[in-house]
Amino acid sequence: MAFLEINDVSKIFGQAVAVNNFNLQVDKGELVSFLGPSGCGKTTTLRMVAGFEVPTTGRIVINGEDITYKPPNQRDVGMVFQAYALFPNMNVAGNIGFGLKIAKKPRKEIDQRVKELLTIIHMDEYGDRYPYQLSGGQQQRVALARALALSPQVLLLDEPLSALDAKIRVSLRAEIRSIQRQLGITAIYVTHDQEEALSLSDRVVVMNGGNMEQVGSPFEIYNFPKTEFVAQFVGLLNSTKAEVVDPASNRLKLDGQQVQTAESLGEYHAGDQVVVAIRPERLSFTTEGVKPNVLDCTIENITFLGAIVRITVKVGQYNLFMDTFNNPFLELPKIGDRAQITCSREAVLVVK
Amino acid sequence: MKGRGKIWAWFFIILGILYFFLPLIATFLFSLRAKLGVLSFQAYANVFNDPKFIRSFTASLLWATLTILVGIMLFVPTAYWVRLKVPKARTAVEFITLIPFVVPAIVYVFGLVRTYSQPPLLIVDSPVLLIAAYTILSMPYMYRAVDIGLRSIDVRTLTEAAQSLGAGWGTILFRVIIPNIRVSILNGAFLSFAIVMGEYILAQYLVKPAFAPYMAGLMQNKAYEPAALAVISFALTWACMGIIQVVGRGQQGQIAGGH
Amino acid sequence: MTVLDAVKRDALTARPAPSKRSWAWLGVMPFFLFTFLFLLYPASTIVIRSFQNSTTGAFTLQNILTLFKNPYILGAYKISIQISLITSVGGAIFGFLLAYAAIRGGLPVFMRVSLLTFCGVASNFAGVPLAFAFIALLSPTGMLIGWMRAFGYNPYFHGFTLYTFWGLSLVYMYFQFPLMVLIIAPAIDGMRREWLEASQNLGATTAQYWRHVAFPILLPSLLGTTILLFGNAFGAFATAQALTGGQINLVTIVIGSQLRGDVLGDQGLGYALALGMVVVMALAIAGYTLLQRRTERWLR
């Protein structure tokens with residue numbers, strides 16, 4: 001039995017289905033992300049685990065205990081809010097120790113625990129500061145410490161980094177992950193930023209319109225997306241229509257040019273229209289080596305992004321992105337040139 | 001908690017509504033009782049036919065209009081100039097504009113009368129003093145309204161643009177700045193209007209005809225006419241505030257004086 | 001004139017060169033002159049003459065000291081402070097409850113807008129017309145009294161009367177509540193829903209939330225506005241005069257009488273009294289401003 005179980009949970013507001021049949025088993029110590037665009041239901045699901053919303057159907061079980069209808073102040077979960085939600089009338093120590101004060105713990109114990117947590121978040125000297133004196137990143141760390149103070153069974157994070165600058169986001173998310181690992185605490189992390197989800201999580205749940213699209217490790221959902229939405233949402237993707245030529249030999253026709261995929265096309269018939277997806281980094285020029293699939297194209301655009309050079313090529317009616325590592329001494333074709341791009345069979349994904 | 005809390009909320013709201021509306025209803029009903037046994041607008045007719053009412057009311061209208069004009073002519077250029085050229089004067093000017101908050105009207109008129117009722121400054125009987133006093137009284141609201149308006153437009157850039165097109169100071173003020181803070185000026189104007197129309201203390205002690213002293217005088221020996229006046233007064237205040245809401249788009253002002 | 005000329009000219013006029021600083025101050029002279037003549041000078045008259053012996057003109061602290069000894073004046077201060085205290089605390093409490101009910105009480109949305117609009121008007125509806133409105137309601141022939149008499153109960157037979165301290169307090173509330181509502185509404189709006197949720201998440205009940213989080217956050221605002229309300233009531237004149245004809249001896253009423261004739265027997269006392277009023281008001285506004293600033297800092 002998993003540590004956190006979300007079983008057949010749905011949430012309906014009036015006529016709108018916010019969350020549809022959500023099922024997840026989370027192991028102890030695992031960090032699972034809920035990833036999706038605004039309105040996909042990820043925050044609503046999180047709030048149901050926290051107790052701020054009550055599921056219309058389904059059950060939520062933590063460590064064997066059914067907490068579906070328990071009020072939020074009686075659950076053993078800690079929540080970190082998007083807008084930090086630090087209490088402005090208390091200093092950092094007061095905020096962190098608030099849960100312990102409510103639980104009527106002795107003064108010494110509270111002070112001790114606050115000190116521990118300040119060290120964990122690397123803010124030892126900040127106990128006396130007030131929230132308005134802290135930067136956004138500092139406030140969020142205090143919010144994290146506050147949520148961890150009661151040693152909750154599950155840690156819930158609701159887009160904790162979306163209000164912060166890009167640079168701080170990157171360093172803070174590494175810190176959050178490291179603390180989570182260090183404490184071995186089970187965590188659910190809601191975000192719309194797929195880079196965050198991929199870098200932080202043990203597993204990712206991709207959601208769309210209230211539905212679970214796919215659950216898997218970051219590696220799985222990036223490299224083997226099961227639906228078109230997942231393929232589009234996670235990472236940059238080229239997607240085109242293609243026609244099945246011969247299901248037995250896994251051959252397709254992409255706007256007149258032949259392409260072979262490694263996926264089984266057994267369920268299709270010749271002439272079927274499918275959607276084909278190829279990650280930009282899996283394409284290369286034939287001058288670098290020839291792989292099973294070769295496509296003729298013309299160079300539309302070359303964008304220098306720093307470590308990566310993104311080349312837009314036109315294959316038939318489609319514009320495809322091609323990513324290649326920056327190499328100052330590599331000669332790239334010019335805009336307007338004709339070229340040949342190539343990729344392996346495994347790089348051609350067929351998505352529903 | 002939600003369900004129980006709602007009941008308390010309704011309780012207090014209804015209590016509040018009763019407290020606010022009962023006096024108004026009572027006043028209105030009372031004003032309709034001039035004719036024995038019958039509800040009529042007789043009291044209003046009496047009021048409108050009273051030459052003293054016309055004199056007092058038009059006097060107040062006059063004071064209010066003049067106050068607004070003086071206010072605009074004094075405060076708009078000042079606020080503009082402070083913002084543009086003399087930012088160092090800002091603290092002093094703002095401090096001065098807030099002094100009327102600290103000095104209750106009765107104390108203010110006390111000082112005015114004592115200061116200006118002896119030669120050589122014997123102007124206590126002059127309407128000039130009344131207008132000036134009203135302008136001072138409305139200063140916190142008028143100046144603040146204008147200042148807020150100026151804050152929301154880029155005064156420096158507009159001025160420089162106008163100058164680069166050949167405009168002189170007068171043109172800049174009247175054809176560039178003022179039209180752009182029209183809303184704020186109107187806001188301040190209507191607040192000032194409401195203040196002056198309802199003002200009792202200054203008019204009474206500087207012995208000038210005005211609406212509020214007239215009404216107070218009427219209260220001594222008439223019953224129904226003051227009620228009609230109260231209704232008129234309230235309607236007037238409502239109208240001013242309503243216009244401010246519509247025109248001012250939320251820039252609101254509360255008046256904590258003149259009572 | 002060419003564009004170059006225009007550019008040259010505004011290079012000289014648009015940016016104030018240091019040497020032109022003294023000329024720029026000329027532009028604010030009308031304002032300073034006006035306020036000096038009609039505000040600062042009369043105000044200073046009060047201050048200076050408070051410290052002057054009214055017959056000899058010599059400097060003296062006697063006027064101020066007498067304020068604290070003259071029983072008539074002490075009585076006036078006592079009543080003024082009493083009514084200000086009662087209507088400020090009462091106005092603050094009821095105004096807060098009203099504002100909270102309208103904003104967070106789960107009522108239909110139009111309630112909030114209506115309440116705020118109405119309070120905007122009601123906070124200005126003071127003085128003579130307000131006094132009369134309450135006379136129409138609660139005088140011996142008032143509407144409410146009439147209703148109660150229809151049920152066989154006449155409050156006037158039981159000692160109630162409008163024209164006393166308590167009646168005046170009731171009338172004062174009419175502009176005190178709305179002022180409280182208007183000022184506290186933004187503070188209530190600033191109470192973020194996440195604070196309640198965060199406190200619940202940490203195990204607090206709603207009562208504990210109020211005790212440890214909500215009230216402490218709102219307290220500076222509540223306190224500051226109460227102080228403002230105090231000053232508001234303290235300086236009120238027209239309402240009291242219109243309602244009671246000057247019978248209740250508030251400090252403001254005494255000053256009014258002093259204007260008509262020297263009721264205190266010493267001109268200097270009148271000035272000292274006026275000065276005392278200004279001091280009280282200044283303290284009130286200062287207290288309010290300080291506390292509001294604290295609130296704004298937290299609620300940023």
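Rule-based calculations on the coordinates, nothing more; no lab input. None of these values were measured; they are calculated from a predicted model. So basically every Cβ, Gly included, is an ideal-geometry build from the backbone, and we count neighbours across all protein chains shown.
Contour minus end-to-end for residue A:227 and residue A:332, with contour as 0.36 nm per residue of separation and end-to-end as the Cα-Cα distance? All intermediate terms of the calculation are to be shown ahead of the outcome.
Working: separation 105, 0.36 × 105 = 37.80 nm, distance 3.38 nm.
Gain on extension, residue A:227 to residue A:332, equals 34.4 nm.
Label separation (residue A:63 vs residue A:133): 3.6 nm, computed from points 7 Å beyond Cα along the C-beta direction.
Just the number, please: percent antiparallel of the DSSP beta bridges in the protein assembly as shown, rounded to the nearest 5. Could you put the intermediate results ahead of the total?
Numbers: 58 of 76 bridges.
In the protein assembly as shown, approximately 75 percent of DSSP beta bridges are antiparallel ones.
By definition, a body whose alpha carbon gyration tensor gives a ≥ b ≥ c is oblate when a/c is 1.5 or more and a/b is not larger than b/c, and chain B fits this oblate description.
Within 10 Å, at most 12 other Cβ atoms, and a DSSP state outside H, G, I, E, B define an exposed site. Report the longest part of chain C free of exposed chymotrypsin sites (Phe, Trp or Tyr not before Pro).
Longest run free of exposed loop sites: C:154-300.
Scaled against the 2.2 N^0.38 Å expected of a compact globular protein of N residues, the Cα radius of gyration of chain A reads 1.20. Straight-line cross-link reach from residue B:52 at under 23 Å between alpha-carbon atoms covers these lysines, not counting any fewer than eight positions away in the same chain: B:35, B:208, B:222. Using a cutoff of 8 angstrom between alpha carbon atoms and counting only pairs six or more residues apart, the relative contact order for chain C works out to 28 percent.
Using only DSSP helix segments of four residues or longer, with each worth -39500 (n - 2.57), what per-residue ellipticity at 222 nm results for chain B after dividing by its residue count and rounding to 500?
Values: 11 runs with 191 residues, N = 259.
That comes out to -25000 deg cm²/dmol.
Against the main long axis of the alpha-carbon atoms of chain A, helix A:136-148 sits at an angle near 60°. Distance from the Cα centroid of the range A:2-79 to that of the range A:160-175 is 25 Å (rounded to whole angstrom).
Rounded to whole Å, give me the distance from the Cα center of the range B:41-61 to that of the range C:192-224. Between the Cα centres of the range B:41-61 and the range C:192-224 lies a distance of 54 Å. Annotation note: trypsin sites (Lys or Arg not before Pro) in the range C:113-208 located in DSSP loop regions with a Cβ neighbour count of at most 11 within 10 Å are absent. Overall shape: prolate for the protein assembly as shown, with the ratio a/c of the largest to smallest alpha carbon gyration tensor axis at 1.5 or above and a/b above b/c. Only helices reaching 20 angstrom along their own axis (Cα) with mean Kyte-Doolittle hydropathy no lower than 0.0 count here, and for the DSSP H runs of chain C these are C:71-104, C:165-189, C:215-234, C:267-298.
Straight-distance candidates among the lysines for linking to residue C:69, with alpha-carbon spacing under 16 Å and chain neighbours fewer than 8 residues away dropped: C:78.
Measuring between alpha carbons in the structure, the pairs from A:11/A:226; A:253/A:314; A:253/A:334; A:314/A:334; A:241/A:314; A:11/A:70 lying more than 18 angstrom apart are A:11/A:226; A:253/A:334. The trypsin sites (Lys or Arg not before Pro) found in the range B:1-90 that occupy coil by DSSP, while having at most 15 further C-beta atoms within 10 Å, are B:35.
Of the chymotrypsin sites (Phe, Trp or Tyr not before Pro) in the range A:7-97, the ones in a loop by DSSP (not H, G, I, E or B) with at most 12 other beta carbons within 10 Å are A:69.
Mean residue ellipticity at 222 nm, helices only, chain C: -22500 deg cm²/dmol; runs of at least 4 DSSP H residues each add -39,500 (n - 2.57), and the sum is divided by the number of residues. On the basis of the beta-carbon distance and an R0 of 41 Å, residue C:23 and residue B:69 show a calculated FRET efficiency of 0.90.
Distant-in-sequence amide contacts of residue A:207, defined by a placed amide H-H separation under 5 Å and a gap of 5 or more residues or a different chain, comprise A:35, A:36, A:213.
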